[in-house]
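Data first, discussion second: the structure below is written as structure tokens.
Here, each number is a calculation from the coordinates, and none is a lab measurement. None of the values given here were measured: they were computed from a predicted structure. Here the Cβ is made from the backbone with ideal geometry for all residues, glycine too, and neighbour counts use every protein chain on show.
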Amino acid sequence: MQITENQDLTQYNTFHVPAKARYFVLVENKSELPQLIDFANHKQLPILILGQGSNVLFTRDLNMIVTKFNFSNLQITSQTHDSTIIQVQAGKIWDNFVAWTVENNLYGAVNLSFIPGTVGAAPVQNIGAYGTEVAQIIEKVEVFDLQTLNFTEIHKQNCQFAYRSSIFKTQLKNKAFITSVTFKLSKKPYFNLQYKDLQHLKNNPGLNLQLLRQTIGQIRHKKLPDPKTIGNAGSFFKNPIVSKEQARQLKDRWPQMPQYQLNNAVKIPAGWLIDNLGLKGYKMGQAAVYQHNALVLVNLGNATGKQILKLANFIIDKVFEIYKIKLEPEVNIF
Ligand code: FAD
Ligand code: NAP
């Protein structure tokens with residue numbers, strides 16, 4: 001375990017906003033976790049687990065023990081004729097894992113290509129893209145339980161996976177650290193091409209995992225700012241889910257509004273709601289709505305977390321004023 005004091009976190013969050021951690025701890029092995037708890041008890045400070053910081057907004061210095069997990073082994077634990085079960089430790093970079101599945105001809109993860117972050121964070125908000133959610137390939141999640149100080153496994157049925165949410169973001173928030181995730185991937189080919197941007201691949205005789213991954217990379221490159229050059233945390237807001245009745249009323253007023261039917265409700269793209277208010281490219285000092293994608297807030301250079309939050313709240317108020325829909329941040333705000 002490596003401990004530093006008053007660590008600047010600018011390089012540890014993809015918004016690249018400044019914030020200091022009272023203590024910053026690198027954990028090399030999950031066997032060090034009891035030691036981390038002793039340290040936190042001794043300092044009487046809470047622990048925040050940070051992955052790549054690609055879904056957080058720091059609005060202040062953190063009087064906390066900010067901890068990163070450096071353990072990242074990947075192990076095939078069993079195989080059948082049809083599938084492979086793989087256990088991956090929390091510190092592994094998510095997209096390195098996806099790239100590994102593609103190289104090994106395993107199906108199920110490819111639509112989640114190029115999502116930044118760690119494997120340990122993936123179940124937290126049940127990461128999703130292009131009609132695939134990580135919940136679809138998770139078997140179980142191993143956690144270090146802060147109450148019992150034991151490692152336990154939570155089977156997928158008990159993870160309360162939902163749209164950009166899970167038990168780890170709700171009931172178990174600050175109560176359990178994810179130490180590894182076990183995935184089940186298919187050896188049998190299947191492709192999820194339901195999203196408009198991918199449909200052209202349906203009739204492509206050369207369709208394979210590599211081509212799909214490459215295509216997703218190209219689309220994402222066009223629509224999303226690279227955090228290395230423009231600070232951002234991907235979609236800032238969740239897409240709101242409204243009742244069928246509210247969706248019908250909204251459609252009467254805004255016939256162009258895209259709507260996606262869920263079981264008993266309707267999902268509306270938050271990006272469209274913001275764009276339709278003319279806010280794409282809108283700037284508030286160094287904080288802005290990304291000019292190519294209204295769902296993404298960006299740091300144009302020297303924005304602070306507080307300034308980005310101010311812009312987010314301005315958008316929430318505007319969207320509510322016009323559509324009577326309350327947008328919720330997807331990003332975790334500290
Ligand atoms: P962090 O941002 O470091 O942490 C996020 C939250 O998870 C925090 O509350 C943290 O405390 C908690 N956490 C992290 N690790 C653990 C752990 N081991 N145990 C318990 N809690 C933990 N998301 C999508 O769903 N789909 C996308 O397509 C997508 N695209 C993106 C594109 C860009 C350019 C960016 C910047 C972000 C995008 N995101 C997307 C959001 C982000 O990549 C994901 O939410 C990712 O899972 C965050 O991983 P992280 O390691 O950076 O987590
Ligand atoms: P897009 O394809 O332009 O679609 C805009 C929105 O409409 C998306 O948010 C998506 O919802 C929804 N949508 C589109 N087609 C749909 C369908 N057939 N069924 C249901 N919902 C549909 O979106 P994009 O901005 O290029 O992003 C592509 C994918 O990558 C999306 O799944 C998006 O969530 C994901 N992504 C996520 C982040 C993040 O930070 N969370 C960042 C970039 C991209 P969903 O978001 O529910 O899929």
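Things worth noting here:
- Only helices enter this figure: runs of n ≥ 4 DSSP H residues, each worth -39500 (n - 2.57), summed and divided by the residues of the chain, yield -6500 deg cm²/dmol at 222 nm to the nearest 500.
- In plain terms, the residue of Ile154, Ile219 with the fewest other Cβ atoms within 10 Å comes first and the most crowded comes last, giving Ile219, Ile154.
- Cα coordinate range in the range 2-69, projected on the principal axes (Å, largest first): 31, 22, 17
- Ranking Gln246, Val266, Ala40 by Cα position along the charge dipole of the chain, where only Lys, Arg, Asp and Glu carry charges on their C-beta atoms, puts Gln246 farthest toward the positive end.
- Placing unit charges on the Cβ atoms only, positive for Lys and Arg and negative for Asp and Glu, gives the chain a dipole magnitude near 920 debye about its Cα centre.
- Dipole magnitude (debye, nearest 20) for the range 199-334, charges at Cβ of Lys, Arg, Asp, Glu: 180
- When you restrict to C-alpha pairs under 8 Å that are six or more residues apart and normalise by the size of the range 74-222, the relative contact order lands at 29 percent.
- Averaging Cα coordinates gives a centre for the range 39-69 and one for the range 290-333; these two points are 23 Å apart.
- Net charge dipole, the range 59-214: roughly 260 debye, given to the nearest 20, about the Cα centre with Cβ charges of +1 for Lys and Arg and -1 for Asp and Glu.
- Residue-by-residue Karplus 3J(HN,Hα) for the range 158-166, coefficients 6.51, -1.76, 1.60, Hz, glycine and proline x: 9, 7, 6, 5, 8, 4, 6, 7, 6
- Order of Glu328, Glu321 - criterion: other Cβ atoms within 10 Å of each residue's Cβ, fewest first: Glu321, Glu328
- Computed lengthening from Arg60 to Asn203, 0.36 nm per intervening residue step minus Cα-Cα distance: 46.4 nm
- Cα gyration tensor shape of the range 151-245, rounded if a/c is under 1.5, else prolate or oblate by comparing a/b with b/c: prolate
- Evaluated on the range 202-268, the Kirkwood hydrodynamic radius is 15.3 Å, with distances taken between all distinct Cα atoms.
- Each of His16, His200, His81 was scored by other Cβ atoms within 10 Å of its Cβ. Arranged with the fewest first, they read His81, His200, His16.
- If the convex hull is drawn through the Cα atoms of the chain, its volume per residue in Å³: 141
- Applying Stokes-Einstein at 20 °C and 1.002 mPa s to the Kirkwood radius of the range 1-158, computed over alpha-carbon pairs, gives a translational diffusion coefficient of 127 µm² s⁻¹.
- Of all DSSP bridge pairs formed entirely within the chain, close to 80 percent run antiparallel.
- Computed over the range 278-334, relative contact order equals 21 percent, with contacts defined as Cα pairs under 8 Å that lie 6+ residues apart.
- Longest exposed-site-free window of the chain, the sites being trypsin sites (Lys or Arg not before Pro) in a DSSP loop that have at most 14 other C-beta atoms within 10 Å: 61-172
- Taking all Cα pairs closer than 8 Å and separated by 6 or more residues, the relative contact order of the chain comes to 16 percent.
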